[in-house]
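The values are calculated or read from the model by the stated rules, or taken from the named source; none is laboratory data. On a predicted model such as this, the values are computed, not experimentally measured, just so you know. Because the Cβ atoms are built from the backbone with ideal geometry, glycine has one as well, and the counts that use them run over all protein chains shown.
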There are 4 protein chains.
Amino acid sequence: MNRTPVAILGATGYTGAELIRLLDQHPHFEIAYLGAHSQQGKRAGEVITSIGNPAIANMILQASDTPIPDSIPLIFTALPHGASANIIASLINNGKRVIDLSADFRHQSSQTYLEAYQAEHPCPELFPLAIYGLSELQRDRIKNCQLLANPGCYPTSLLLPLIPLLQKRLIDPNYIIVDSKSGTSGAGRSAKTNLLYCEINEGMSAYGLPRHRHNWEMEEWAQCLGGLTANIHFVPHIIPMTRGMMSTIHLQGGHAQAWHETLCATYQNEPFIQILPYGELPSTHHVRGSNRCSIGMIATGENCGVIVSCIDNLLKGASGQAIQNANIMFGFEETTGLSSYATWP
Amino acid sequence: MNRTPVAILGATGYTGAELIRLLDQHPHFEIAYLGAHSQQGKRAGEVITSIGNPAIANMILQASDTPIPDSIPLIFTALPHGASANIIASLINNGKRVIDLSADFRHQSSQTYLEAYQAEHPCPELFPLAIYGLSELQRDRIKNCQLLANPGCYPTSLLLPLIPLLQKRLIDPNYIIVDSKSGTSGAGRSAKTNLLYCEINEGMSAYGLPRHRHNWEMEEWAQCLGGLTANIHFVPHIIPMTRGMMSTIHLQGGHAQAWHETLCATYQNEPFIQILPYGELPSTHHVRGSNRCSIGMIATGENCGVIVSCIDNLLKGASGQAIQNANIMFGFEETTGLSSYATWP
Amino acid sequence: MNRTPVAILGATGYTGAELIRLLDQHPHFEIAYLGAHSQQGKRAGEVITSIGNPAIANMILQASDTPIPDSIPLIFTALPHGASANIIASLINNGKRVIDLSADFRHQSSQTYLEAYQAEHPCPELFPLAIYGLSELQRDRIKNCQLLANPGCYPTSLLLPLIPLLQKRLIDPNYIIVDSKSGTSGAGRSAKTNLLYCEINEGMSAYGLPRHRHNWEMEEWAQCLGGLTANIHFVPHIIPMTRGMMSTIHLQGGHAQAWHETLCATYQNEPFIQILPYGELPSTHHVRGSNRCSIGMIATGENCGVIVSCIDNLLKGASGQAIQNANIMFGFEETTGLSSYATWP
Amino acid sequence: MNRTPVAILGATGYTGAELIRLLDQHPHFEIAYLGAHSQQGKRAGEVITSIGNPAIANMILQASDTPIPDSIPLIFTALPHGASANIIASLINNGKRVIDLSADFRHQSSQTYLEAYQAEHPCPELFPLAIYGLSELQRDRIKNCQLLANPGCYPTSLLLPLIPLLQKRLIDPNYIIVDSKSGTSGAGRSAKTNLLYCEINEGMSAYGLPRHRHNWEMEEWAQCLGGLTANIHFVPHIIPMTRGMMSTIHLQGGHAQAWHETLCATYQNEPFIQILPYGELPSTHHVRGSNRCSIGMIATGENCGVIVSCIDNLLKGASGQAIQNANIMFGFEETTGLSSYATWP
């Protein structure tokens, strides 16, 4: 079978590099175009030294105005928020299918986007086309979509355990505390003083308060897919590790054993969702380097408890879920090219 | 002025090593005895290579049955929980003053100890003597005490911001969420597989659930010093850094600006408590290597908000507060030998 | 095609865990037996939480006296040095093929083993059977071997660049300085105080002097494969990272551009050997998570220069090369189941 | 005694922050002026959150054209290389004493500076004034100097052990290999992609070849103070830790026990130089957070051996040695305000 050619725009950031690693080893996709406007003209291997295939390492990074060949039906856009929308509009007009790893089409309306990102959305007319790509819960909508909005990392780690509990009314939706911790790769590859090694190493901090922009995404999809208005208090932290994300979810209004039964039932056949035995909690070591979401829970009182949900922010939280969605969109086995094994130690 | 001779029992753990570093550079205390039963007969400098004073490095580590000279009035016990009590009983009988860094006398009764540590307390008769050494809030009781119970690291990080708010009834005590993150030195220096570098590095995990033993300490002193029964939901995490502790405290029932005013007023003259401007949150980099507790807060809704409290678990969370208490007990300036500067980067 | 069943003995150490990850995703091998004497009776997934396949996670770890089924033709032994030899003797007698990741059969004689490991070799009669598995330079001997001695990590990183230069007489063999740095996973998974997170993090140290046991392996195979008696001064260091190994090789007696030409020619068709453009030096980020050895060099004077050679100690330095060798032994494409992409960031 | 007021220019880099920490706690110096051109107008505490003294945290950072008060006799310049020289010329003209932490006056001539830094020196006329501040070996020259050139971190770690051996002709000066490893804070606080957390963490690299600019400084002072032309092959590496520097020095032409005797004799009364017992090698944990240089050595052959020298790059390698020199210049006890204790763990 011929491999389907794909393009990656924004190829030299961390999610772009992860897309290259995964797609070049994918049996059914083939990297045919790499865009990286700020690095245009360089060889990909100069900027991403981890590339193991000399043919890919020697590909020249393209400027944003270089046309993408007609033969390429699928484009991954891993551009900064705000930079994606206009480019995507043009791609959509040309009949491409697009998997967008930015936040530009994750919301249900341009109004929410405005609140969360403090900017007018440049292409509100595309919202009706966009499908929110939380793979396990949106498969049917994903299959035929032209524009897939790949979920944010924090929302993915939260929504996978939360939505089935909302659907079954097993928790109180009025006060959901989500205390999340992210590895530093989630902050991207821009040269900023606060992301220097010595500023991150041996320290940790909360950020994004009073309301992180992912909070809108969380509440919107909790309601849409869970069927209840949820009041989510979300505090993200950055911690001194490269990859990995943990959301510690403090819940009331039910017993953790009931939550456990529901999540086991919901996800029993899902290759990338691991529900641990009741009372066990995952480490991010369970998932680092894999596309797996590992979830554990325990009651801390009669009517309250804790769920811990771990993902690799660059895989299930970004590039891995993007490829899972690409598999769905192109009719391939959903696990193709993705590992459920963590790279450990 | 002659320096007061002191002994350290359990000198070769992480808190013991930190006591050595601080006490040897303290102008009014002098290290006169180092006990470390499992390392007896070795030179201190063999086991703790960071010691900078050859005279201290050459001291021989003593077995637990080596008598402590009469000339030493103050003993720091940095022994594992459960191993302290009997030794302390004997020291107290001999008229020594004791600062105990273990949990053995942090509780108000042997009943709470039994619940939290799942063991009968060996010396319940000493409870009436013990003073809980949360320095800023217990100064008057500390001055003349013979047996000081140095607070746990997690409780210190929580109680300093919480108690004034409870006292003033500015929060709802019925559902207090404390999501804490600790550097790995808090887990001690025992050779355990789960504390190996490769098991901690690039990963994080929650532990101690459904109810960590510090949870009893937190609730007991919240009630005793804050005057309200508090329902504290506490989830600790271990993260890949050596030192540093952050408690992210999710609160309801009031506005964070009112909390800020109260904490500013309470701690305005405290050299080791830093209340950040409203809306700013501390990093553990603010306090690493210092005896400071740095506290920030922000509202996340009309009636709810987040307080972030950072300490160095080995300083304000253990050995630093122990020396602060020793200063109070011996009438020295409270900041003597302690820095409020973080070692950064 | 049916997958060939294999067994792993010593499955719960770091190299064992890496073998599981790689073999379970290998199209032609199938894990059929997991031995881990000290953890016998547990499920594999309890001890190695990174396992992504529930079927493998549920396998029960076997004691060392559990017979290995006749249907399994290939055994990977990832046991401590000294513990392998007798077990291997029995396996060989039963007609199994063995890939041994310990040092027990890496030497050309029991005399060298005695010098390096300070112990009599228990099965010297097997030495004639053993093939040293430096894949790229020993392929023809590996194909039909019954007992493969997988090379040490430090020797692999050194010998790949060194041997071609010795063969061509392009360097002075009398004073070769190898200053190596290893991630901590190379020290294994035993619970030792000096390997605790807080003892490794934010520090580094040299070890193994005056003569590390890998020094014998290096000199023996430099002579055997390079044809010259080499005087190798080897100083290994342990640094605060989990995976990755760099050997900085200080050489005299020739020009680095000549070395570069030779290494480019020797390895031009090798999928796992990357010779960087002259003057560029690799980071361990080039190889982390991959089976690649990345090599760069530069002259530092008329007649001297530096070669930097990087591998992932758990892949090309252990389990990855073991599988590369298994591919050769069973006639599979040599790269099957192995990636040349680094997992980055 | 009144404290001597001092100024720091370049106060917000890592060496500047370390100067603030040390000087504010120094009994005889007092911080009276903080310059940081790019951050002018901000409070110091905004940019350096580790400052523990509110009075210092509230000082306003000054632009480079703000006059320094006449009452300040001593200026620490922690500016980038090349930016110091002209400012220093002006300060010197105004009668100030200057301790320069840049490389601008570390060389014996503008010719060497040109070779090492590839730039014409802007103030060659000041070279005769400058004293190279390797404290232990230059005390007499330092006392009365007006312009002190604080040594580089790598040269400090090398020259302290090397010079006595050269002076006594105990090594072959023709081929000295210095393989050095530095924590990342040595690379400064500029926002550069290659210094981001994710680019440094879990990786390491060599850099600065074929000839790092500190190589000139090493050879020049080896000759000047050691009395022999030394041929030093220097390869620096950056490793994933914040602080700490190790130089592994591979030497020939003598026996390490003779080296040990000489270094013990040379440094026996030096509070900041630790010569370990023969055969023991230091970790950077011996010195992290202290002004100590810890040195160990072992023979690796009849006529060759290894010396390992460790410092904290921000203390003995920069700001600590600067204050040691300030103590000498102002007649204070040399250890004042400096610790020989490592902060560990």
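May I ask you to say which residue of C:132, C:117, C:154, C:175 is touching a residue at least 12 places away in the same chain (Cβ under 8 Å), within 14 Å of chain D (Cβ to nearest Cβ) and aromatic (Phe, Trp, Tyr)?
Working: C:132 fails: within 14 Å of chain D (Cβ to nearest Cβ); C:117 fails: within 14 Å of chain D (Cβ to nearest Cβ); C:154 fails: within 14 Å of chain D (Cβ to nearest Cβ).
Sole residue among the options that is touching a residue at least 12 places away in the same chain (Cβ under 8 Å), within 14 Å of chain D (Cβ to nearest Cβ) and aromatic (Phe, Trp, Tyr): C:175.
Residues in the range D:1-45 that are at pLDDT 95 or above, farther than 27 Å from residue B:25 by Cα and surrounded by fewer than 18 Cβ atoms within 10 Å (Cβ to Cβ): D:40, D:41, D:42, D:43. Just one of the listed residues (D:183, D:203) is under 17 Å from residue D:239 (Cα atoms), surrounded by 24 or more Cβ atoms within 10 Å (Cβ to Cβ), within 7 Å of another protein chain (Cβ to nearest Cβ) and at pLDDT 95 or above, and it is D:203.
For the criterion of being closer than 20 Å to residue A:188 by Cβ and without any contact (Cβ under 8 Å) to a residue 12 or more places away in the chain, residue A:18 fails.
Within the range D:251-267, identify whether any single residue is touching a strand residue (DSSP E or B) at 6+ places or on another chain (Cβ under 6 Å), over 26 Å from residue B:241 (Cβ atoms) and within 14 Å of chain B (Cβ to nearest Cβ), and answer yes or no. Yes, the range D:251-267 has at least one match.
Might you let me know whether the range B:316-328 holds any residue that is within 12 Å of chain D (Cβ to nearest Cβ), surrounded by fewer than 24 Cβ atoms within 10 Å (Cβ to Cβ) and touching a His at 6+ places or on another chain (Cβ under 9 Å)? Taking every residue of the range B:316-328 in turn, none turns out to be within 12 Å of chain D (Cβ to nearest Cβ), surrounded by fewer than 24 Cβ atoms within 10 Å (Cβ to Cβ) and touching a His at 6+ places or on another chain (Cβ under 9 Å).
Scanning the range A:305-315 for residues that are within 10 Å of chain B (Cβ to nearest Cβ) and within 21 Å of residue C:21 (Cβ to Cβ) turns up just one, A:310.
Taking the range D:283-293 as the range and being of a type in the set (Gly, Ala, Ser) and away from chain C (no Cβ under 11 Å) as the test, only D:290 passes.
For the range C:314-330, give me each residue that is assigned to a loop (DSSP other than H, G, I, E, B) and either aliphatic (A, V, I, L, M) or without any contact (Cβ under 8 Å) to a residue 40 or more places away in the chain (or both).
If the condition is that a residue be assigned to a loop (DSSP other than H, G, I, E, B) and either aliphatic (A, V, I, L, M) or without any contact (Cβ under 8 Å) to a residue 40 or more places away in the chain (or both), then C:314 is the only one that fits.
Restricting attention to the range D:273-313, and to residues there that are over 21 Å from the mean Cα position of the chain (by Cα) and outside any loop (DSSP other than H, G, I, E, B), which single residue is modelled with the lowest pLDDT?
Checked the range D:273-313; the qualifying residue modelled with the lowest pLDDT is D:301.
Quick check, is residue B:302 within 11 Å of chain D (Cβ to nearest Cβ), charged (D, E, K, R) and over 25 Å from residue D:19 (Cα atoms)? No; evaluated as a whole, the condition is false for this residue.
Of the numbered criteria (1) within 11 Å of another protein chain (Cβ to nearest Cβ); (2) without any contact (Cβ under 8 Å) to a residue 40 or more places away in the chain, the one residue D:140 fails is (1). With respect to the stated conditions, residue D:336 fails to be under 30 Å from residue C:211 (Cβ atoms) and either surrounded by fewer than 24 Cβ atoms within 10 Å (Cβ to Cβ) or within 12 Å of another protein chain (Cβ to nearest Cβ) (or both). Evaluation of residue C:286 against the conditions (1) in contact with a strand residue (DSSP E or B) (Cβ under 9 Å, 6 or more places away or on another chain); (2) closer than 21 Å to residue A:51 by Cβ; (3) in contact (Cβ under 8 Å) with a residue 60 or more places away in the chain shows that the sole unmet condition is (3). Within the range D:242-272, being crowded, with 19+ Cβ neighbours inside 10 Å, in contact with a helix residue (DSSP H, G or I) (Cβ under 7 Å, 6 or more places away or on another chain) and assigned to a loop (DSSP other than H, G, I, E, B) holds for D:242, D:243, D:244, D:272. Whether any residue in the range B:273-280 is within 10 Å of chain A (Cβ to nearest Cβ), touching a Gly at 6+ places or on another chain (Cβ under 9 Å) and hydroxyl-bearing (Ser, Thr, Tyr) is what I want to check. Checked the range B:273-280: no residue is within 10 Å of chain A (Cβ to nearest Cβ), touching a Gly at 6+ places or on another chain (Cβ under 9 Å) and hydroxyl-bearing (Ser, Thr, Tyr).
Filtered by the rule that a residue be polar (S, T, N, Q) and in contact with a Leu (Cβ under 9 Å, 6 or more places away or on another chain), the range D:100-158 gives D:102, D:138, D:146, D:150, D:156.
Residue count for the range A:186-200 under the criterion of being in a helix (DSSP H, G or I), in contact (Cβ under 8 Å) with a residue 40 or more places away in the chain and away from chain B (no Cβ under 11 Å): the result is 2.
Do you know which residues across the range B:215-241 are farther than 18 Å from residue B:171 by Cβ and either assigned to a loop (DSSP other than H, G, I, E, B) or in contact with an Asp or Glu (Cβ under 9 Å, 6 or more places away or on another chain) (or both)? Within the range B:215-241, B:216, B:235, B:236, B:237, B:239, B:240, B:241 qualify. Looking at (1) surrounded by fewer than 20 Cβ atoms within 10 Å (Cβ to Cβ); (2) touching a residue at least 12 places away in the same chain (Cβ under 8 Å); (3) touching a helix residue (DSSP H, G or I) at 6+ places or on another chain (Cβ under 7 Å), can you tell me which one residue B:303 breaks? With (1) surrounded by fewer than 20 Cβ atoms within 10 Å (Cβ to Cβ); (2) touching a residue at least 12 places away in the same chain (Cβ under 8 Å); (3) touching a helix residue (DSSP H, G or I) at 6+ places or on another chain (Cβ under 7 Å) applied to residue B:303, the lone miss is (3). Can you find a residue in the range D:60-82 that is charged (D, E, K, R), outside any loop (DSSP other than H, G, I, E, B) and farther than 15 Å from residue D:31 by Cα? No, the range D:60-82 contains no residue that is charged (D, E, K, R), outside any loop (DSSP other than H, G, I, E, B) and farther than 15 Å from residue D:31 by Cα.
Within the range C:97-110, is there a residue that is part of a loop (DSSP other than H, G, I, E, B), under 21 Å from residue C:225 (Cβ atoms) and basic (Lys, Arg)? Among the residues of the range C:97-110, at least one is part of a loop (DSSP other than H, G, I, E, B), under 21 Å from residue C:225 (Cβ atoms) and basic (Lys, Arg), which makes the answer yes.
The criterion of being under 15 Å from the mean Cα position of the chain (by Cα) and of a type in the set (D, E, K, R) does not hold for residue B:120. For the range A:150-180, residues that are in a loop (DSSP other than H, G, I, E, B) and surrounded by 24 or more Cβ atoms within 10 Å (Cβ to Cβ) total 4. Scanning the range C:216-239 for residues that are more than 9 Å from every other protein chain (Cβ to nearest Cβ) and among the polar types (S, T, N, Q), we see that the one that is farthest from residue C:130 (Cα to Cα) is C:229.
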